[in-house]
1. For a quick check: with amide H placed at 1.01 Å from N, whose amide H comes under 5 Å from residue 24's, ignoring anything fewer than 5 positions away on the same chain?
2. So what J values fall out for the range 113-124 if you push phi through Karplus, 6.51 cos²θ - 1.76 cosθ + 1.60 with θ = phi - 60°, rounded to Hz, Gly and Pro as x?
3. Go through the range 68-79 residue by residue and turn each phi into a ³J(HN,Hα) via Karplus (6.51, -1.76, 1.60, θ = phi - 60°); whole Hz please, and just put x for glycine and proline.
4. In nm, to one decimal, how far is the residue 117 label point from the residue 41 one, both placed 7 Å along Cα→Cβ?
5. Share of Cα-Cα pairs in the range 2-126 beyond 25 Å, in percent?
6. For the range 22-39, take each phi angle, set θ = phi - 60°, evaluate the Karplus expression 6.51 cos²θ - 1.76 cosθ + 1.60, and give the result in whole Hz per residue in order, putting x for glycine and proline.
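Computed from the coordinates by the stated procedures, all read-outs in this text should not be read as laboratory data. Please read these numbers as outputs of a predicted model, since none were measured by experiment. Positions of Cβ are backbone-derived with ideal geometry, glycine not excepted, and every protein chain shown enters the neighbour counts.
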Amino acid sequence: MDSQIEEIKSRLDIVEIIGQYLKLSKAGANFKAPCPFHNEKSGSFFVSPAKQIWHCFGCNKGGDVFTFVKEIESVEFGDALRILAQKAGVELKSLPKEDIRLKTEKQRLYEICDLAARFLKNSCFPAGRGAKLSNI
């Protein structure tokens, strides 16, 4: 799995990806823009092509290309991975269900609700015994 993440990172240029969302301007060896994550007029959002990272000195957010897509698209890591894999032309292999980073928050909540429902069912209605409505 980590090899797929590294492959996606190696095929993508962070400046090109962020440039699809923001108008970047050259600032020395880096690029800058107004930060999309907080209200500002000056450009405190910087992208480093050499390090393949971004950082905002106004709101102190930063990270790699995956973090940016997660933030800008308001998605979980698994969805950002799928978006960037498509842009990089990488076909994702079958992913293990236990990899928590790939599950969306919604999927995790469904699993929690399902476990709680099964627990309550087993607690209230032990195996072989039906509910007696007259006792309720």
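1. Here nothing satisfies the definition.
2. Calculated HN-Hα couplings, in order: 4, 5, 4, 5, 5, 5, 4, 5, 4, 5, 6, 7 Hz.
3. 4, 5, 4, 5, 6, 8, 6, 10, 7, 4, x, 6
4. The answer from the label model is 5.4 nm.
5. Numbers: 2994 of 7750 pairs.
Every Cα pair in the range 2-126 considered, those over 25 Å come to 39 percent.
6. Running phi through 6.51 cos²θ - 1.76 cosθ + 1.60 with θ = phi - 60° gives 10, 8, 8, 10, 5, 9, x, 7, 10, 10, 9, 6, x, 6, x, 9, 8, 7 Hz.
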